[in-house]
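Presented below is the structure to which this report refers.
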């Protein structure tokens with residue numbers, strides 16, 4: 001009995017000393033393809049650096065609605081010390097005052113990404129990577145149909161012709177799966193020269209927008225596309241990996257879907273096609289950063305982990321996994337990006353998407369995702385045949401006007 | 001007028017007597033027929049969707065169009081082939097795998113139009129990296145690093161092919177290629193057990209795969225590549241692959257252990273805790289409202305009824321803040337104590353009111369206290385009501401998603417199974433990916449409720465008190 005007590009006391013002492021020597025930092029991001037990346041970074045690439053800094057990282061990936069998780073956890077006081085922030089909903093997190101500005105040197109990062117995370121003059125998150133949209137195409141389908149592969153100089157009209165030709169030759173294949181989602185449609189809407197917010201900060205669905213909208217929704221009746229929901233899919237990549245469509249409009253994240261669903265797919269990537277009238281292509285920048293929890297008991301250690309996770313070494317490794325592009329400007333000339341595998345090509349094209357004519361971050365100020373809703377509803381109502389283009393756009397414009405009025 | 005009044009006022013028995021026996025029988029027959037049809041209709045709709053979902057949960061791609069009812073996972077011949085391959089790969093006909101000493105013989109038969117030469121397909125064991133989820137993080141061993149693939153021979157044959165357009169039959173040549181995939185003897189010592197042995201066979205477009213030891217998981221590149229995710233699945237590994245993945249792909253990244261069992265355990269703990277609290281509160285309150293005369297009883301009963309009309313969302317924020325201030329967030333206690341017992345109190349009260357007062361009075365004469373009467377006499381005789389309450393409370397607690405979602409956020413091992421199921425979503429760029437995994441997880445999660453119903457269903461229909469009074 002006495003011996004057991006001594007043993008127990010010894011053990012608890014041991015536990016105390018080991019707890020005191022390494023600081024536990026809880027970090028959290030979303031699931032999907034990210035799990036392997038972050039886990040690889042902390043258990044492999046950065047293991048030595050973390051050990052040297054005396055930090056033990058506890059990684060908790062969250063599948064599901066991450067923004068809801070983090071809002072909940074921040075208000076409960078149970079949020080992780082360091083977590084992902086998507087610029088898309090970043091204002092909701094930054095506005096709570098529960099977020100600590102970064103202490104890292106932000107100069108090596110791409111300035112447009114740093115701008116996206118600047119709130120009240122302070123940089124609230126260290127951008128970890130970014131993505132843009134590109135046009136992925138199935139080489140076998142184009143070969144079988146005898147149609148030339150899409151090029152980087154494609155216009156909406158030439159792409160549509162190719163897709164129509166494919167569907168005519170191979171009736172079981174459609175050109176593209178269209179989705180009623182601004183996150184994909186924006187590549188065309190922005191290409192038309194339309195801007196989401198005009199000089200007065202209002203959203204006006206002008207003639208340019210209408211041109212893009214009519215073209216995008218017109219792809220289905222033209223025989224160049226099918227609505228994703230009509231073939232039982234939720235994203236353009238789902239149709240693409242099942243070889244139901246010849247092309248997809250996605251970012252580099254499509255690689256995860258291809259590895260799981262069609263590991264032998266013979267595919268390539270081209271730039272987003274241009275609007276024949278404006279002569280420009282549009283694109284969206286998706287980016288995610290690491291944010292430190294202001295209520296964290298180990299803020300300094302969390303800042304250190306954020307720096308390590310976005311260090312050049314970490315980003316080089318992430319880049320070579322082929323799933324996301326580095327946020328550090330120095331890595332843009334990386335030799336890996338010049339390779340010819342489909343995964344290297346999609347990353348190179350996604351990177352080039354940054355210099356498309358009209359590029360906007362996937363971010364809508366304080367309105368957050370609610371801003372997209374009128375456009376998504378309009379797309380959906382036209383794609384399902386409930387309304388024509390003019391009626392749908394008039395309804396969307398009315399909603400935007402309502403939002404602007406509410407704001408004032 | 002008099003007639004109608006008479007008819008409606010007449011007891012049903014009297015009316016029945018006035019009908020000729022044949023008409024009565026006919027009426028009964030039709031009534032029975034209609035009831036039967038309605039029940040079958042409801043059962044078909046309920047059970048039909050259930051069955052389709054279950055069948056889909058076995059598939060590699062539950063979203064496949066058109067929806068097939070005949071596929072390898074429900075084909076006994078494929079089970080036998082899979083068991084045999086599993087035995088060859090790792091000596092395990094049930095769960096298969098690829099392990100040191102494994103030697104798999106695999107054959108594939110191709111055909112092509114007469115005059116076209118059938119060339120050996122390009123065979124390889126590919127490196128299949130999982131694209132997402134915990135599997136992508138934890139997969140360490142790949143069959144490609146340990147497998148030696150050799151073509152061991154080929155045999156010519158022929159088959160009859162019917163032209164779908166003309167209906168004419170033609171004899172086409174076939175060639176069967178046999179491969180041996182062996183675990184590299186040089187790496188056998190201490191070599192790992194590998195769950196999946198993928199295989200790709202690429203052939204020119206004019207050449208079609210018509211038979212193979214195990215059907216390919218899918219054709220890729222518009223028929224050019226026959227692709228197997230795992231040629232050593234074992235019988236159970238083939239049929240219940242999604243179910244196995246539910247366990248293996250919900251692993252804790254630090255320890256590599258599956259979290260799923262822990263989630264089931266957490267759910268069980270919370271459900272049992274809630275059932276216990278519900279029963280205690282509902283029987284005490286129900287008994288008090290049924291038997292004790294005190295001021296404000298009607299008001300309290302009214303409040304209990306009123307509480308049933310308030311949606312959980314209304315009290316959500318205040319409850320949440322209370323739990324936060326009590327420091328109960330992220331503990332099972334928060335979810336156990338979020339109770340809404342209004343309907344349970346009502347049920348118990350109604351039941352206690354039907355309990356013969358005389359028995360209680362007799363006990364009182366014998367010197368029993370109120371609590372003694374409740375615990376020793378009334379409750380043991382109220383088992384049907386208690387069990388119905390328990391089942392309803394268990395089911396509600398087990399299926400509860402809202403409260404566990406907001407009250408328990410971390411660590412991942414503390415979640416309940418319903419919230420844990422969320423992590424089975426494999427998303428690429430915000431889109432749902434893996435429905436097979438979600439469906440399989442959902443089916444595993446309903447097992448406890450099903451077992452509970454099967455075990456206790458007789459209590460729901462029987463009533464000991466009514467039997468005792470007979």
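No value in this document is a laboratory result; all are computed from the given coordinates. Computed from a prediction, not measured in an experiment: that's the story for all the values here. When we count neighbours, we look across all protein chains shown, and the Cβ atoms used for this are built from the backbone with ideal geometry, even at glycine.
For n ≥ 4 DSSP H runs only, could you compute -39500 (n - 2.57) per run for chain A, divide by its residues and tell me the 222 nm figure to the nearest 500?
Working: 17 runs with 175 residues, N = 408.
Rounded to the nearest 500, it is -12500 deg cm²/dmol.
Hey, rough spin-label estimate for residue B:325 and residue B:23, points 7 angstrom out along Cα→Cβ, what's it come to in nanometres?
7.2
Treating the angle as unsigned and between 0 and 90°, give the value, to the nearest 10°, between the Cα long axis of helix A:299-309 and the longest Cα principal axis of chain A.
50
I'd like the orientation of helix A:312-321 relative to chain A: the angle between its Cα long axis and the longest Cα principal axis, in ° from 0 to 90, rounded to 10.
That helix lies at roughly 50 degrees to the long axis.
Sorted from fewest to most neighbouring beta carbons within 10 Å, what does the list B:87, B:26 look like?
Details: B:87 18, B:26 12.
Ranking B:87, B:26 by Cβ neighbours within 10 Å, fewest first, gives B:26, B:87.
Is the shape of the range B:221-341 rounded, prolate or oblate, going by the alpha carbon gyration tensor and its root eigenvalues a ≥ b ≥ c, with a/c under 1.5 for rounded and a/b larger than b/c for prolate?
On the way: a/c = 3.10, a/b = 2.79, b/c = 1.11.
It comes out prolate by the Cα gyration axes.
Over chain A, with a Gaussian network built from C-alpha contacts below 10 Å, which listed residue (A:331, A:126, A:284) shows the highest mean-square fluctuation?
Taking springs between Cα atoms under 10 Å, the residue moving most is A:331.
Could you give the angle, 0 to 90 degrees to the nearest 10, between helix B:435-461's Cα long axis and the longest principal axis of the Cα atoms of chain B?
Helix B:435-461 sits roughly 30 degrees off the main axis of chain B.
When DSSP beta bridges are limited to those with both residues in the protein assembly as shown, what percentage is antiparallel, rounded to the nearest 5? Each step should come with its number before you reach the end.
Working: 67 of 85 bridges.
Of those bridges, close to 80 percent are antiparallel.
Please report the antiparallel percentage of the DSSP beta bridges confined to chain A, to the nearest 5. Spell out each step's value before the answer.
Numbers: 25 of 43 bridges.
Approximately 60 percent, going by the DSSP bridge assignments.
Give the shape of the range B:258-324 as rounded, prolate or oblate, defined through the alpha-carbon gyration tensor: a ≥ b ≥ c are the square roots of its eigenvalues, a/c under 1.5 means rounded, and otherwise the shape is prolate if a/b is larger than b/c and oblate if not.
Numbers: a/c = 3.53, a/b = 1.71, b/c = 2.06.
Oblate, since a/c reaches 1.5 and b/c is not below a/b.
Could you work out the relative contact order of the range A:161-215, using alpha carbon pairs under 8 angstrom and six or more residues apart, expressed as a whole percent?
On the way: 34 pairs, mean separation 12.6, N = 55.
Relative contact order comes out at 23 percent.
Please rank B:295, A:167, B:344, fewest neighbouring Cβ atoms within 10 Å first, as an exposure proxy.
B:295, A:167, B:344
Along each of its three principal axes, how wide is the spread of alpha-carbon positions in chain B, in whole angstrom units, largest first?
That works out to 97, 71, 41 Å along the principal axes.
Sequence gap at least 6, Cα distance under 8 Å: using those rules, report the relative contact order of the range A:336-408 to the nearest whole percent.
On the way: 31 pairs, mean separation 13.5, N = 73.
About 19 percent, as a whole number.
Across the Cα atoms of chain A, what radius of gyration and what greatest pairwise Cα-Cα distance (Dmax) are found, in Å?
Values for chain A (Cα only, Rg and Dmax): 23.6, 88 Å.
Can you give the relative contact order of chain A as a percent, counting alpha carbon pairs under 8 Å and 6+ residues apart? Could the numbers behind the result be given before it?
Values: 722 pairs, mean separation 97.8, N = 408.
Contact order relative to length: 24 percent.
Quick one: among A:260, A:115, A:129, which has the greatest mean-square fluctuation in a GNM of chain A with alpha-carbon springs under 10 angstrom?
Of A:260, A:115, A:129, the most mobile in the Gaussian network model is A:260.
Report, in whole Å, the centroid distance computed from the Cα atoms of the range B:295-313 and the range B:204-256.
56
Mean residue ellipticity at 222 nm from the helices of chain B, using -39,500 (n - 2.57) per DSSP H segment of n ≥ 4 over the full residue count, to the nearest 500 deg cm²/dmol?
On the way: 18 runs with 232 residues, N = 470.
So the calculated ellipticity at 222 nm is -15500 deg cm²/dmol.
Between A:386, A:60, A:250, where does the largest GNM mean-square fluctuation fall for chain A, given springs only between Cα atoms within less than 10 Å?
Checking each option, the largest mean-square fluctuation is seen for A:386.
Distance from the Cα centre of the range B:90-163 to that of the range A:279-352, in angstrom?
Between the Cα centre of the range B:90-163 and that of the range A:279-352, the gap is 37 Å.
Can you sort B:294, A:364, A:185 from fewest to most other Cβ atoms within 10 Å of each residue's own Cβ? Display every interim value, and only then the final one.
Working: B:294 8, A:364 20, A:185 24.
With the fewest neighbours first, B:294, A:364, A:185 line up as B:294, A:364, A:185.
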